[in-house]
Amino acid sequence: MTTATATAAATAVVPAAAAVAATATATATVDDPTSHRVLTGDRPTGPLHLGHYFGTLRNRVRLQDQGVEMFVVVADYQVITDRDLADRLAEHTENLVLDYLAAGLDPERATIFAHSAVPALHQLLLPFLSLVSVAELNRNPTVKDEIAHSSQSAVSGLMFTYPVHQAADILFCKADLVPVGQDQLPHLEVARTVARRFNERYPRTDGTAVFPRPQALLSDAPMLLGTDGGKMSKSRGNAVALGATADETARIIRGARTDADRRIGYDPAGRPEVSSLVLLAALCQDRAPEAVAEEIGDGGAAVLKRVVTESVNEHLRPLRARRAALAADRGHLRQVLRDGAERANAVADATLAEVREVMGAVI
Ligand code: ATP
Ligand code: MG
């Protein structure tokens, strides 16, 4: 580990006490694992990519391995926020589980479940929607960006309300840590607002709060760029999938946008595309991006892309080998989801009962 990454990781320890700040950066360490619970997840819209891996997945595995209780939602109801139909839903869902297991999530320790299998979670959406204003929903910058990239002719109500749905995802299991990419920060603010307002409006009889205020955990790569220079995304055709072959990886990286300056440097604000590629190689090599850029020097885009390709293929080799071995047993992937749904349903039912009680439901 380089000095730069070592410093970042060492200074970003999450305190055991209730988290107060909205975000912690590059956190991979907690000082009291048993005092935290993690919820995070992904939409089953396509294969997971390098942005997921370095943006959130690696932090999930690290937190799990430290003993933090972990819930991972395959957000299948969220697929229809920006498209009319959930295409190849079963296949994408199983492949997400495959990517999780290949990356090191352990279904014995992590509860991996699909949204649609946990009805009580969605019932939380109703009281939660009453806690946010239409104006607040309207000014969410991530929702605006997703509307700009959506191919739908009309924007659905779900597009505006899904951040509140995500608050239900997080709060149903009373998670306090949410390892996510940067695009999720506005949604985390919604979840924090919902939790605060719910707790103020509906305190328990002893005055204590029902929900924690969740905190986002950002990694060293909170927004990895895709080959077109925009956010690497499953739905935008600009991603290197974790399960891609070495040759596919080489082809995709060869097509990545760079710039005309032969001198390779690390300047995320001034040269975002080149810097994102440098960062990718640095993350794979566990070195500082400045050192990787310095080494490439005047090699230009061709050398940069060769270094990135070799670094990615080398780093992902064990993950890809595990993925290939696990892919043969689709029944196991479905069983992981069934077991996860059973555990998640028990937690969601208990939270919903508590919510109904503090809200004054009669039965
Ligand atoms: P879609 O295009 O279908 O929305 P996506 O690639 O944006 O797919 P999501 O399922 O929406 O993936 O996001 C899952 C998680 O991965 C979120 O926490 C998100 O912040 C994180 N993430 C997604 N893309 C990146 C990226 N390029 N860099 C860092 N984190 C990312
Ligand atoms: Mg997304």
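The values are calculated or read from the model by the stated rules, or taken from the named source; none is laboratory data. Only a predicted model underlies this, so the values are computations on that prediction, with no experimental measurement involved. Virtual Cβ from ideal backbone geometry, glycine too; neighbours counted across all protein chains shown. All accessible areas refer to the heavy atoms of the entire protein, side chains included, with ligands and DNA or RNA removed. Shrake-Rupley method; radii C 1.70, N 1.55, O 1.52, S 1.80 Å.
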Cα shape, segment 34-125, gyration tensor, a/c 1.5 rule:
oblate
Note down the relative contact order for segment 264-338 as a percent, whole number, built from C-alpha pairs under 8 angstrom at least six residues apart.
28
Note to self: with every protein chain in place and a 1.4 Å probe, segment 93-208 gives an accessible area per residue in Å² of 39
Taking the chain as the reference, fit the longest principal axis to its C-alpha atoms, fit the long axis of helix 300-326 to the helix C-alpha atoms, and give the angle between the two in degrees, 0 to 90, nearest 10.
50
Label-point separation (nm) for D31 and M359, each offset 7 Å from Cα along Cα-to-Cβ?
3.7
Roughly how tilted is helix 185-201, in degrees to the nearest 10 and between 0 and 90, from the longest Cα axis of the chain?
20
So what is the relative contact order of segment 223-270, in percent, for Cα pairs below 8 Å that sit 6 or more residues apart?
32
Considering only the other residues whose Cβ falls under 11 Å of the Cβ of K174, what net charge follows from Lys and Arg at +1 and Asp and Glu at -1?
-1
Environment charge of V308, counting only residues whose C-beta is closer than 12 Å and scoring Lys/Arg +1, Asp/Glu -1
0
Using alpha-carbon coordinates, inclination of helix 89-103 to the longest axis of the chain, degrees:
70
Please work out the C-alpha center-to-center distance from segment 296-342 to segment 181-256 and express it in whole Å.
19
Taking the Cβ of E273 as the center, what net charge do the other residues with Cβ under 13 Å away carry, scoring Lys and Arg +1 and Asp and Glu -1?
0
What is the gain in length, in nm to one decimal, between A321 and A135 on full extension, counting 0.36 nm per residue of separation less the C-alpha to C-alpha distance?
62.2 nm
Assuming R0 = 25 Å, what is the FRET efficiency of Q335 and S235, from their Cβ-Cβ distance, to the nearest 0.05?
0.35
Considering only P318, M232, Y202, whose Cα is most displaced toward the positive end of the charge dipole of segment 202-320, charges sitting on Cβ of Lys, Arg (+1) and Asp, Glu (-1)?
Y202
Output the peptides 189-196, 247-254 sorted from most to least packed, where packing is the average of other Cβ atoms within 10 Å over each peptide's residues.
189-196, 247-254
Could you point to the residue in L39, M223, L126 farthest towards the positive end of the chain's charge dipole, with +1 and -1 charges on the Cβ of Lys/Arg and Asp/Glu respectively?
L126
Rounded if a/c is under 1.5, else prolate if a/b is larger than b/c, else oblate: which is the chain, with a ≥ b ≥ c the root eigenvalues of its Cα gyration tensor?
prolate
Computed over segment 274-317, the relative contact order (Cα-Cα under 8 Å, seq sep at least six) in percent reads 46
Could you rank the peptides 353-362, 68-77 by their average count of other C-beta atoms within 10 Å per residue, with the highest value first?
68-77, 353-362
Ranked by how many other beta carbons lie within 10 Å on average, peptides 229-238, 41-50 from highest
41-50, 229-238
Can you work out the accessible area per residue across segment 26-79, with the rest of the protein chains kept in place, probe 1.4 Å, in square angstrom?
26
With only Lys, Arg, Asp and Glu charged, each at its Cβ (+1 for the first two, -1 for the last two), find how big the charge dipole of the chain is about the Cα centre; round to the nearest 20 debye.
300
